[in-house]
Amino acid sequence: MPSRWCRRCAASGVAGWLIGRAAEWAQAQGATRLALAVSRANTDARALYDRLGFAELGGYGYWSRD
C-alpha cells in the first residue's frame, strides 16, 4: 500500500476510525487491552497511535492501550 495513501487516510480520520471500531469490537468480545505492532520507520502510524492513546512497550515496536 503506498505510503501517500496511508497519510491521506490518517489525515482524513479513516485510520483512527478503523482502529476505534476494532477497539470497540474487541471490548465487546471481552478484551481488556489492545496491542499493535508497527515498524520503527513508520512514523505516521506511530504518531497516530500516540494520538489515539497508545503507549510504546519495550522498544520492540509494540503499542498498547488499556
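The values are calculated or read from the model by the stated rules, or taken from the named source; none is laboratory data. Since the structure is predicted, the reported quantities are computational estimates derived from the model, not experimental observations. As a convention, Cβ positions derive from the backbone with ideal geometry for all residues, glycine included, and neighbour counts pool all protein chains shown. Ligands, DNA and RNA are excluded from the accessible area calculation, which covers all protein heavy atoms including side chains. Shrake-Rupley method; radii C 1.70, N 1.55, O 1.52, S 1.80 Å.
Select from region 20-31 the residues that are within 13 Å of Leu52 (Cα to Cα), free of Cβ contacts under 8 Å to residues at least 24 places away in the same chain and open to solvent by less than 80 Å² (accessible area, probe 1.4 Å) and list them in ascending order. Selection gives Ala22 alone.
So, of the residues in region 32-60 that are among the charged types (D, E, K, R) and outside any helix (DSSP H, G or I), which turns out to be least open to solvent (accessible area, probe 1.4 Å)?
Result: Glu56.
When region 1-30 is filtered for residues that are at pLDDT 90 or above and on the phi > 0 side of the Ramachandran plot, only Gly30 remains.
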